[in-house]
Amino acid sequence: MRLDSFIDRIADVRIQGVFNPYSQICSQYDSHQSPQIRRANLRAYMREAERKRLDSIWFGRDLGHRGGRRTGLALTDEVHLSMLTDVLGCGILRKATIGECVGERTASEIWRAIVQLPQLPFLWNVFPFHPHEPGEPLTNRCHTELERRKCEFAMLEMLEWLQPKKVIALGSDAYRVLSSIVVGCVLVRHPSYGGQSKFRSGIQDAYGLRKNEVSSGHFKPILHL
């Protein structure tokens, strides 16, 4: 895959009621450079994932207004940008917004699980943008099937590019999309709305880790907190 061409294509997508962080500017939190920073971060992330040959990918549903809308990186908020930088070794990933760093509960739970794994998974969404309620850009909603089909190429090309050995769908919405495309796709409970415990046990099961292995040190985590 030509990374610049791929990122240019997703930056060109325009959908009413959907924020595209790779080309659009949030009037409240962005500067005129924010879309370029998010594109650069995604490019660095994908380049290093390709170099390290990451062999698993986690799919969320879509970007949230406290996380990926601001960073342009799936399941990663601004609080965890430095952690992704440390784990991936891809140089500094820059904060794209103005003001204080904003955290997201989902991203915190995702990264709490990731640092306990022997290798970083690649993080993406079945819908790579931020859908919001009409006239309320800082809200979250589920994307529609029609919206998803307008940018389905991004999900399909990401799978073709990475050729993952393990594909994990976080939540039933992502699973409904992926299960018809990916043989052996694993459904894991999304950590939101009280699903943290089932999410953690689901990830442990997906990677063949017994619950006591996390604390007993039977495997080497990618980052020590």
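Here is how the numbers come out for the structure above:
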read-out: Amide H partners (placed H, <5 Å) of Asn125, local residues excluded; value: Gly60
read-out: For a label point 7 Å along the Cα-to-beta-carbon line of Arg94, residues of the stretch 30-48 with backbone N under 15 Å; value: 30-45
read-out: Residues in the stretch 166-192 reached by a label modelled at Asp205 [backbone nitrogen below 18 Å; 7 Å Cα→Cβ]; value: 166-176, 179, 184-192
read-out: By average C-beta atoms within 10 angstrom, highest first, the peptides 179-188, 165-174; value: 165-174, 179-188
read-out: Summed residue charge, Cβ within 15 Å of Gly194's Cβ, Lys/Arg positive, Asp/Glu negative; value: +3
read-out: Total formal charge among the other residues, if their Cβ is under 13 angstrom from that of Ala40, Lys/Arg +1 and Asp/Glu -1; value: +3
read-out: Simple spin-label estimate for Ser5 and Ser172 in nanometres, 7 Å along Cα-Cβ; value: 4.0
read-out: Karplus (6.51, -1.76, 1.60) ³J(HN,Hα), θ = phi - 60°, over the stretch 36-47, in Hz, Gly and Pro reported as x; value: 5, 5, 5, 5, 5, 5, 5, 4, 5, 4, 5, 4
read-out: Which of Arg176, Arg105, Arg9, Arg112 is most accessible, then next, and so on - probe 1.4 Å; value: Arg105, Arg176, Arg112, Arg9
read-out: Accessible surface of the stretch 1-147 [probe 1.4 Å, protein heavy atoms]: carbon and sulfur percent; value: 47
read-out: Ellipticity estimate at 222 nm from DSSP helix runs (n ≥ 4, -39,500 (n - 2.57)) divided over the chain, nearest 500; value: -11000 deg cm²/dmol
read-out: 1.4 Å probe accessible area per residue over the chain, in Å²; value: 49
read-out: The stretch 1-130: relative contact order as a whole-number percent, Cα under 8 Å and 6+ apart; value: 32
read-out: Over the chain, relative contact order from alpha-carbon pairs under 8 Å, at least 6 apart, %; value: 23
read-out: For the chain, size of Cβ-based charge dipole, Lys and Arg +1, Asp and Glu -1, in debye; value: 440
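The values are calculated or read from the model by the stated rules, or taken from the named source; none is laboratory data. Keep in mind the model is a prediction, meaning the values are calculated, not measured. Neighbour counts run over all protein chains shown; Cβ positions are idealised from the backbone, glycine included. These area figures cover heavy atoms from the full protein model, side chains too; ligands, DNA and RNA do not enter into them. Shrake-Rupley method; radii C 1.70, N 1.55, O 1.52, S 1.80 Å.
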